[in-house]
1. Please work out the Cα convex hull volume for the chain and give it in Å³ per residue.
2. Please give the charge dipole size of the chain, origin at the Cα centre, charges +1 on K and R Cβ atoms and -1 on D and E Cβ atoms. Round to the nearest 20 debye.
3. Kirkwood Rh, Cα Rg: Rg to Rh for the range 190-249?
4. Run the dipole for the range 1-106 about the Cα centre, Lys and Arg Cβ at +1, Asp and Glu Cβ at -1, nothing else charged, and hand back the magnitude in debye, nearest 20.
5. Over the range 1-131, what relative contact order in percent results from Cα pairs under 8 Å that are six or more residues apart?
6. When the accessible area of the range 66-150 is computed with all protein chains present and a 1.4 Å probe, what percentage of it is carbon and sulfur?
7. Within the chain, what's the longest run with no trypsin sites (Lys or Arg not before Pro) in a DSSP loop and at most 13 other beta-carbon atoms within 10 Å? Give the range, please.
8. If you place +1 on the Cβ of every Lys and Arg, -1 on the Cβ of every Asp and Glu, and leave all else neutral, what size is the dipole of the range 121-237 about its Cα centre, to the nearest 20 Debye?
Amino acid sequence: SAGLVALYGLITGDVGTWTERALVVLVAASPCALAIAVPVTVISAIGSASKFGVVIKSGEAFEQLGAIRTIAFDKTGTLTRNEPTVVRIHTAPGVTHDDLLRWAAAIERSSTHPLAIAIIAATSNVPAAHDVVEDAGHGISGQGDGRHIRVGSVRWLRPRALTEQAESVALAEQAESMAAQGMTVVAVAADDVLAGVIGVRDELRTETPEMVRMLHLQGIDTLMLTGDNTLTATAIAAEAGIDDVRAEQ
């Protein structure tokens with residue numbers, strides 16, 4: 001019967017509609033309708049998900065979705081737009097904004113990190129650098145513009161820079177204020193002296209707060225994972241509606 005229904009669809013030219021109706025007949029006529037209905041439903045759901053750009057590798061993986069109680073989100077590029085932009089700069093006395101961006105961009109030019117791309121985009125004057133070494137999760141260092149430059153997180157650079165200087169303490173305070181406003185703070189040291197801090201902000205995707213709210217309504221908890229510092233992560237998570245934050249990962 002199901003075959004005849006599908007054949008009718010071939011004859012009339014409306015294959016999609018009559019194939020669906022043939023499946024309905026097949027399920028209804030089966031002596032064990034439930035045994036056929038489940039895999040047909042799963043396959044249909046996987047097909048529908050693919051239309052939204054969601055790839056589900058198997059029926060088993062799809063069935064496990066119903067048991068999910070918590071979803072962990074990466075911050076950059078998942079909850080945010082992955083379009084970081086330099087929004088604020090604070091420098092030590094005697095260092096200009098252009099100096100700071102030039103030094104940072106020289107070292108970051110060899111990196112593909114989104115923050116590096118934002119810093120490079122903020123200046124057109126990028127000197128050559130050499131002996132560049134990256135310390136994953138912390139920062140990057142090398143020789144550029146006649147100086148030994150280090151670029152990275154404040155917590156990584158401060159023990160190496162001359163932290164007893166009043167200027168360094170003031171910059172650290174500025175960095176904390178910027179982080180509290182949801183900026184990712186990139187510190188720059190030249191010849192082991194903290195030269196300034198750069199505030200980079202990657203805005204939330206417009207749909208993120210609503211998506212998080214809908215998950216919570218379904219009883220699914222959310223948490224955010226990020227390598228950013230705690231202040232920045234907490235500020236961004238608050239905008240997204242996420243309470244559980246794992247920062248400095």
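The values are calculated or read from the model by the stated rules, or taken from the named source; none is laboratory data. As the structure is a computational prediction, the values presented were derived from the model and not from experiment. Methodologically, a virtual Cβ is constructed for each residue, glycine included, from the backbone with ideal geometry; neighbour enumeration extends over all protein chains shown. Just so you know, the surface numbers come from the protein's heavy atoms only, side chains and all, with ligands and any DNA or RNA stripped out. Shrake-Rupley method; radii C 1.70, N 1.55, O 1.52, S 1.80 Å.
1. 171 Å³
2. The dipole of the chain has a size of about 580 debye.
3. Taking Rh as the inverse mean 1/r over Cα pairs, Rg/Rh reads 1.14.
4. For this selection, approximately 140 debye.
5. After rounding, I find 13 percent.
6. Its accessible area is 49 percent carbon and sulfur atoms.
7. Details: sites that count: 57, 69.
Counting at most 13 other Cβ atoms within 10 Å as exposed, the longest clean stretch of the chain is 70-249.
8. 80 debye
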